[in-house]
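A short write-up of the structure that comes next.
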Ligand SMILES: Cc1ncc(COP(=O)(O)O)c(C=O)c1O
């Protein structure tokens, strides 16, 4: 399989571990191993201390699948398959799609959500938001994109990179459309539980639609990307069986330490979400103040959920050049919108890191000294 480079991941590979300051990360401040272990109760501490580094059960540790199922209203542990989040996208697309299928995907977006479909020979239509005061994905636009051979709709809310959400009503309308046309719905829910207003939190589509598959994991909302633990859930039994078979050709099973640490994280989810939302909300105050102060230079489109935002530069300097100069002169990495293959002058900023205010200070000094 020949696949185009994943531009965002290549950009991170180039700068993430060589730049002193990161202002674009989508994960929240990661927990240390010790911090996580301190949250373990006696039973889990024993599981950790006595852990044997053997192969693990292919679909995931039974206790882990039980904990994951509790995140949903109607999902049973046997409807869960644990895997690396990115692997989950790869496997699901390979199992669902065939050459010639038509696919609709939210755009801009995490490249693998549409790239794998394209590489498999599918025709991909992009469902793009309108930019008003917020980023608005219009269900009417989605409806217009549906074709006779549409096999799959791929959505991602809270959305990477804009932080956009859709309303509960619009989520139901998407499901109605898919059900009517017998379309499978793949929902990337990696940033779920990071809604700033709890009322905006959508149910997982798997709880609402029998022909949906949902992706979630520990990389963003749980601040544990290094565990490489995520999962797919679906009530479509045949699809979950195919996914299990495909996984025998990728990782076969999960890393044993990651599974036990994941059980600990899931049992402490309320504490973890609260801690991450607090970091994000403090950083949002700083971002609001900064972008308010420099509103002639930037347009701040406030995200509604998640750990990232996607502001616009209001000058004719290209964001690609800006990002390059910034990382070279001040060592600050931002993610320009060309990495998303998205027209316009936008860049992604991360709201989940504890040092964001410090980095914004250096960023401000750069902007003022170079451009104002
Ligand atoms: C929307 C979305 N889906 C999936 C992933 C993949 O997660 P991971 O990098 O943990 O495999 C990411 C990571 O950035 C993401 O933003």
*Simple spin-label estimate for residue 145 and residue 372 in nanometres, 7 Å along Cα-Cβ*: 3.7 nm
*Could you give the nm distance between label points at residue 1 and residue 210, where each point is 7 Å from its Cα heading toward the beta carbon?*
2.9 nm
*asked:* Please report the spacing between the Cα centers of the stretch 267-307 and the stretch 71-111 in Å, no decimals.
replied: 28 Å
_At 1.567 mPa s and 4 °C, plugging the Kirkwood radius over alpha-carbon pairs of the stretch 307-372 into Stokes-Einstein gives what diffusion coefficient in µm²/s?_
105 µm²/s
*Percent antiparallel among DSSP beta bridges (both partners in the stretch 163-319, rounded to 5)*: 65 percent
*Looking at the stretch 114-236, send over the antiparallel percent of its DSSP beta bridges, to the nearest 5.*
45 percent
_Run lengths n ≥ 4 of DSSP H only: what is the helix-derived mean residue ellipticity at 222 nm for the chain, with -39500 (n - 2.57) per run over all residues, to the nearest 500?_
-12500 deg cm²/dmol
*Which value in Å does the Kirkwood hydrodynamic radius of the stretch 1-131 take, with 1/r averaged over all unlike C-alpha pairs and then inverted?*
18.6 Å
*Report the extension gain between residue 364 and residue 168 in nm, rounded to one decimal, defined as 0.36 nm multiplied by the number of residues separating them, less their alpha carbon distance.*
66.8 nm
*Could you give the semi-axes, largest first, of the ellipsoid that matches the stretch 237-320, computed as the square roots of 5 times the alpha carbon gyration tensor eigenvalues and rounded to whole Å?*
40, 21, 11
_Stokes-Einstein D (µm²/s) once Rh is taken as the Kirkwood radius of the chain over alpha-carbon pairs, at 20 °C in 1.002 mPa s_ = 100 µm²/s
*Among DSSP beta bridges whose residues both lie in the chain, state the antiparallel percentage, nearest 5.*
50 percent
*So what are the three principal axis dimensions of the stretch 111-158 from its Cα atoms, in whole Å, longest to shortest?*
36, 24, 14
*Per 5 Å bin, what percent of the C-alpha pairs of the stretch 136-259 does each bin hold, from zero upward?*
2, 10, 18, 21, 19, 15, 9, 5, 1, 0
*Compute the distance in nm between two label points, each set 7 Å from the Cα along the Cα-to-Cβ direction, one at residue 241 and one at residue 299.*
5.1 nm
*Could you grab the relative contact order for the chain? Cα pairs under 8 Å, six or more apart, rounded to a whole percent.*
25 percent
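Computed from the coordinates by the stated procedures, all read-outs in this text should not be read as laboratory data. Quick caveat: nothing in here was measured; it's all calculated off a predicted structure. So basically every Cβ, Gly included, is an ideal-geometry build from the backbone, and we count neighbours across all protein chains shown.
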